[in-house]
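Novice: Can you keep this structure in mind? I'll have questions shortly.
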Amino acid sequence: MSLQIQSLEAYKEAYQKSVENPSLFWDEIANQFLWRKKWTKTLEYDWTVPETKWFLGGQMNITENALDRHLETRGDQVALICEPNSPEEETKYITYKELHSKVCAFANVLKRNGAKKGDRICIYMPMILELSVAILACARIGAIHSVVFAGFSSTALAARINDATCSILLTADGGFRGDKITPLKDIADEALKNAPSIKKSIICQRTYQNITWNPSIDVWWHEELEKVDDNCPAETMDSEDMLFILYTSGSTGKPKGMVHTCGGYMIYATYSFQNVFQYKEGDIYWCSADIGWITGHSYILYGPLISGATSILFEGVPSYPDYGRFWQICEKHKVNQFYTAPTAIRALAKHPTSFIDKYDLSSLKVLGTVGEPINEEAWHWYDDNIGKNKCPIVDTWFQTENGGIMITSLAGITESKPTYATLPLPGIQPVLMDVNSNEIEKVEAEGILAIKYPWPSIARTIYGDHERYKNVYFSAYENYYFPGDGALRDERGNYRITGRVDDVVIVSGHNLGTAPIENAINEHEKIVESAVVGFPHDLKGFALYAFVIPYDGVEVNDELAKEVREVVANTIGPIAKPDKIQFVKGLPKTRSGKIMRRILRKIASNEIDSLGDVSTLLNPEVVKNIIENKL
Ligand code: WTA
C-alpha cells in the first residue's frame with residue numbers, strides 16, 4: 001500500500017482533487033485497505049444534527065489491516081521496538097508475526113473474561129508492549145478501548161470508567177517512569193471503590209511490587225494467557241462501529257470522551273502517517289508521545305502498524321537517566337523520523353548541548369512536533385541541534401477530536417516555516433472566520449479557525465452526550481466544525497495556530513489574547529517559557545499575571561521583570577504589559593504538554609482553596625512551589 005504524495009506538484013493536484021471530488025479522492029485511498037465488504041456510499045453528513053458517516057455499509061477489522069495483512073509480506077519484520085524505562089534493561093524487538101500471535105492470545109483472554117463486541121474496556125497501563133497488545137486485542141474482538149494515561153489519579157480514572165461504564169479494567173502492578181514507580185494497582189483499587197461497573201480486572205506484572213489482591217475481580221495477565229491459544233479470528237466490524245473512546249486532556253472542565261469509529265479512523269490515521277512523515281520501507285520511526293494521548297493512538301500504533309512500519313514504544317521519560325536519553329535512543333536504533341512535543345523540546349533546550357553531542361544523530365531525516373504552538377526559539381533549537389539543519393520539521397496541528405493530523409507540512413515535500421503548521425493535508429478544508437462569523441476571503445489574514453468539510457476521522461460524538469458535542473463543536477458557526485483555536489494565514493496560505501481562543505482576558509475593556517503575549521515574552525533570550533492569565537483588578541476589571549520560567553543560571557531580579565514588560569510593550573503594546581511577573585521553575589501542564597491556565601488563573605486570583613484535582617497534571621509538584629512564591 002502506498003498512499004504517499006511525493007512532490008509539491010502531486011500535493012497541489014491531490015488537494016484540488018480532494019476539494020472537487022471528495023468521494024473519488026477518498027475512495028481511491030480506502031480501496032488500498034483490506035475490507036471484508038466494500039462500502040456502498042463514501043460519505044453522508046449533516047452538520048446541523050450534527051452527524052458524519054464514512055464508508056457506509058463497509059465492513060472490516062482494523063487489526064487485520066495492522067497485523068494479518070502483513071504476515072506473508074513482512075511477518076519477520078520488527079513491528080514494535082519496546083525501549084524500557086532504564087537503558088540497563090533489555091530492549092524488546094517484536095515482529096509482526098509475534099505481535100499478531102500476542103494480540104490473538106490476549107483477545108482470547110478478554111473473551112474468556114466475558115468481553116464482547118461493543119463492551120467498553122478501560123486500559124490503565126504503562127508504556128509497555130502489553131499496552132499495545134491490549135489495545136489491539138480489544139479492536140480484534142470489537143470491544144471499545146478507552147485508554148487512560150497511567151499518570152492519572154484514582155479520581156480521574158474512576159470518572160472515566162464511570163462515564164463509559166467500562167466492564168473490564170486492564171492494568172499493571174506498577175509502572176516505571178524515570179526514577180519513580182507509579183503504584184498503578186493501588187491507584188486502580190482506590191478508583192474501583194467508586195467504579196462499580198468493573199467486573200474483571202486483569203493485572204500485568206511489570207514492577208513485581210507488593211499489591212493487594214481482590215479475588216472477586218482480579219486475575220493475573222500471565223496466568224490467563226496460559227489458558228488460551230493464539231487463534232482468534234477478527235470480529236467483523238461496520239465502518240461506523242465504535243473503535244475507541246479517548247478522553248481529552250481536559251484543560252477546561254469535565255473531560256469529554258471523544259468517540260472514534262473503525263473505518264474512517266483507520267483510513268485517516270494511516271493516510272496522514274504516510275504523508276506527513278514520508279516514511280519509507282525499512283525506516284525506523286519514533287513518536288515519543290504517550291499512548292494515552294491521541295498522538296500515541298494514531299502515530300505509535302495504528303498509522304505505523306497499518307503501514308507496515310517499525311515503530312518505537314518508549315516506556316520512560318526524556319530526563320532519565322539524564323537529559324540525553326532521547327538522543328541515546330535515536331542513536332541506538334538509528335531513528336529516521338522523530339516526533340515529539342514542544343514542551344519536551346523546551347525542557348531539553350534548557351540543558352547543555354553536551355547531552356546531545358555525545359550521540360550520532362545522522363540517521364535522522366524528519367523531525368516532528370505536536371500539541372501546542374512551538375515558539376521560534378524552540379523551533380530553531382530543534383532544527384540546529386537535533387536536525388543539524390538538514391531535517392524538515394513537521395509542525396503538526398490536530399486534536400483528539402480530529403483523529404489525525406490536519407494541518408502540517410509534508411516532510412521534504414511542502415515547505416516548513418518556523419512556528420507555522422503550514423498547509424492542510426489534501427482532504428482537509430480549513431478556513432478563517434471573522435468576528436461576524438463570515439469566512440475571510442483574503443489569503444493573508446488573522447481569524448478563528450474552522451473546518452468546512454468532513455474528513456474521515458472526525459470524532460462522531462462525545463460518548464453519552466451528543467448535545468454537548470453539538471454545542472462545543474458545531475454551534476459557533478453553522479455548518480462548520482469549530483476547533484476553538486485562533487490562527488494567522490500568510491500570503492502563501494500557510495497557517496500559524498496562535499492558541500486557544502478561549503484564553504482571552506479583558507483588560508480595561510481591551511480584549512487581549514494571552515497567546516501572543518506569551519509568545520512575545522518567550523522571545524526574550526533569557527526566558528524559556530511563560531503563561532499569562534487574568535486576575536480581578538479594581539481599576540482595570542482584569543489585569544495580567546505572567547508566570548515566567550527563566551533559563552537555568554539566569555539571575556532573577558527587577559531588571560529582568562522590567563525587560564519582560566518592555567518586550568511585551570514593544571511587540572503588542574503597553575496595554576498588554578503584565579501587572580505581575582512571577583519567576584517560576586515550572587508551569588502546571590497536562591500530560592500532552594498544555595499549560596493548565598485554569599489553575600494559574602485560580603492562583604493569580606487568590607482562589608487557592610478551589611484549585612480542584614491537580615493530580616492529572618504531568619507535574620503536580622510545581623503547583624505548591626508557585627503558590628508559596630505567589631506575588
Ligand atoms: C493545540 C493534540 C499549535 C491546539 C494532538 C489544539 C497545537 C489542541 C498543535 C488539541 C500545533 C495541537 N500547533 N497548537 N502543532 N497541535 N495544538 O486534543 O490548541 O491534546 O486545539 O490533541 O492542542 O489538543 P489535543
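The values are calculated or read from the model by the stated rules, or taken from the named source; none is laboratory data. Because the structure is predicted, anything quoted here is derived from the model rather than measured. Note that we place each Cβ from the backbone using ideal geometry, even for glycine, and neighbour counts take in every protein chain shown.
Novice: Would you confirm whether any residue within the range 288-298 is of a type in the set (V, I, T), touching a residue at least 24 places away in the same chain (Cβ under 8 Å) and out of contact with any helix residue (DSSP H, G or I) (no Cβ under 7 Å at 6 or more places or on another chain)?
Specialist: Checked against the condition, which is being of a type in the set (V, I, T), touching a residue at least 24 places away in the same chain (Cβ under 8 Å) and out of contact with any helix residue (DSSP H, G or I) (no Cβ under 7 Å at 6 or more places or on another chain), the range 288-298 yields at least one hit.
Novice: Do the conditions hold for V109, that is, is it out of contact with any strand residue (DSSP E or B) (no Cβ under 9 Å at 6 or more places or on another chain), surrounded by 19 or more Cβ atoms within 10 Å (Cβ to Cβ) and either assigned to a strand (DSSP E or B) or hydrophobic (A, V, I, L, M, F, W, C) (or both)?
Specialist: So V109 does not fit the description; no.
Novice: Name the residues in the range 456-485 that are in a helix (DSSP H, G or I), more than 13 Å from the ligand (Cβ to nearest atom) and buried (at least 19 other Cβ atoms within 10 Å of the Cβ), would you?
Specialist: Matches in the range 456-485: Y469 only.
Novice: Quick check, is K452 at pLDDT 95 or above, within 14 Å of the ligand (Cβ to nearest atom) and surrounded by fewer than 21 Cβ atoms within 10 Å (Cβ to Cβ)?
Specialist: For K452, the condition - at pLDDT 95 or above, within 14 Å of the ligand (Cβ to nearest atom) and surrounded by fewer than 21 Cβ atoms within 10 Å (Cβ to Cβ) - is not met.
Novice: So R346 fits all but one of (1) touching a helix residue (DSSP H, G or I) at 6+ places or on another chain (Cβ under 8 Å); (2) under 19 Å from G303 (Cβ atoms); (3) in contact (Cβ under 8 Å) with a residue 40 or more places away in the chain; what number is the exception?
Specialist: Single failed check for R346: (2).
Novice: Right, another one. I'm checking my understanding of the structure. Among residues of the range 288-300 that are of a type outside the set (A, V, I, L, M) and more than 22 Å from Q6 (Cα to Cα), which one is farthest from the ligand (Cβ to nearest atom)?
Specialist: S288
Novice: Go through F535, F542 for me and flag whichever is under 26 Å from G486 (Cα atoms), modelled with pLDDT of 90 or more and surrounded by 17 or more Cβ atoms within 10 Å (Cβ to Cβ).
Specialist: F535
Novice: Go through the residues of the range 355-378 one by one and say whether even a single one is of a type in the set (D, E), within 25 Å of T95 (Cα to Cα), at pLDDT 95 or above and surrounded by fewer than 21 Cβ atoms within 10 Å (Cβ to Cβ).
Specialist: The answer is no, given that none of the residues of the range 355-378 is of a type in the set (D, E), within 25 Å of T95 (Cα to Cα), at pLDDT 95 or above and surrounded by fewer than 21 Cβ atoms within 10 Å (Cβ to Cβ).
Novice: Which residues, counting only those in the range 149-180, are touching a strand residue (DSSP E or B) at 6+ places or on another chain (Cβ under 7 Å) and either surrounded by fewer than 18 Cβ atoms within 10 Å (Cβ to Cβ) or at pLDDT below 95 (or both)? It would help to see each step written out before you state the result.
Specialist: Keep residues of the range 149-180 that are touching a strand residue (DSSP E or B) at 6+ places or on another chain (Cβ under 7 Å), which gives 150-151, 157, 160-161, 163-175.
Answer for the range 149-180, where residues must be touching a strand residue (DSSP E or B) at 6+ places or on another chain (Cβ under 7 Å) and either surrounded by fewer than 18 Cβ atoms within 10 Å (Cβ to Cβ) or at pLDDT below 95 (or both): A150, G151, L157, R160, T165.
Novice: Across the range 21-40, which residue is farthest from P454 (Cα to Cα) among those that are in a loop (DSSP other than H, G, I, E, B) and either without any contact (Cβ under 8 Å) to a residue 12 or more places away in the chain or among the acidic types (D, E) (or both)?
Specialist: Checking each candidate, the answer is N31.
Novice: Give the range 55-74 a look and list any residue that's within 22 Å of T40 (Cα to Cα) and assigned to a loop (DSSP other than H, G, I, E, B), or say none.
Specialist: Within the range 55-74, G57, G58, N61 qualify.
Novice: While we're here: For E72, are the conditions met, namely being without any contact (Cβ under 8 Å) to a residue 60 or more places away in the chain and over 28 Å from S288 (Cβ atoms)?
Specialist: yes
Novice: Is there a residue being on the phi < 0 side of the Ramachandran plot, under 26 Å from the mean Cα position of the chain (by Cα), free of Cβ contacts under 8 Å to residues at least 12 places away in the same chain and within 16 Å of the ligand (Cβ to nearest atom) anywhere in the range 495-510?
Specialist: Yes, the range 495-510 has at least one match.
Novice: Say we look at the range 574-599 and pick out the residues that are more than 19 Å from P550 (Cβ to Cβ), surrounded by 21 or more Cβ atoms within 10 Å (Cβ to Cβ) and away from the ligand (no atom under 16 Å from the Cβ); which of these is nearest to the chain's Cα centre (by Cα)?
Specialist: Among residues in the range 574-599 that are more than 19 Å from P550 (Cβ to Cβ), surrounded by 21 or more Cβ atoms within 10 Å (Cβ to Cβ) and away from the ligand (no atom under 16 Å from the Cβ), the one nearest to the chain's Cα centre (by Cα) is I599.
Novice: So, V219, is that one touching a Phe, Trp or Tyr at 6+ places or on another chain (Cβ under 7 Å) and either crowded, with 19+ Cβ neighbours inside 10 Å or not in a loop (DSSP other than H, G, I, E, B) (or both) or not?
Specialist: Spelling it out, it is not the case that V219 is touching a Phe, Trp or Tyr at 6+ places or on another chain (Cβ under 7 Å) and either crowded, with 19+ Cβ neighbours inside 10 Å or not in a loop (DSSP other than H, G, I, E, B) (or both).
Novice: To continue, here is another question. Working only within the range 600-613, note down all residues that are in contact with a Ser or Thr (Cβ under 7 Å, 6 or more places away or on another chain) and either basic (K, R) or within 16 Å of the ligand (Cβ to nearest atom) (or both). I'd like the intermediate steps shown before the answer.
Specialist: Restricting attention to the range 600-613, the residues satisfying the condition of being in contact with a Ser or Thr (Cβ under 7 Å, 6 or more places away or on another chain) are 602, 613.
Answer for the range 600-613, where residues must be in contact with a Ser or Thr (Cβ under 7 Å, 6 or more places away or on another chain) and either basic (K, R) or within 16 Å of the ligand (Cβ to nearest atom) (or both): just K602.
Novice: Also, quick follow-up: Are there any helices (runs of 4 or more DSSP H) wholly within the range 548-631 with 2 or more residues that are free of Cβ contacts under 8 Å to residues at least 12 places away in the same chain and charged (D, E, K, R), and if so which?
Specialist: Numbers: elements: 558-571, 597-604, 621-628.
Result: 558-571, 621-628.
Novice: While we're looking at this one, here's another question. Taking E224 and the conditions (1) under 23 Å from W293 (Cβ atoms); (2) part of a helix (DSSP H, G or I), which numbered condition does it fall short on, given that it satisfies the others?
Specialist: The failed condition is (1).
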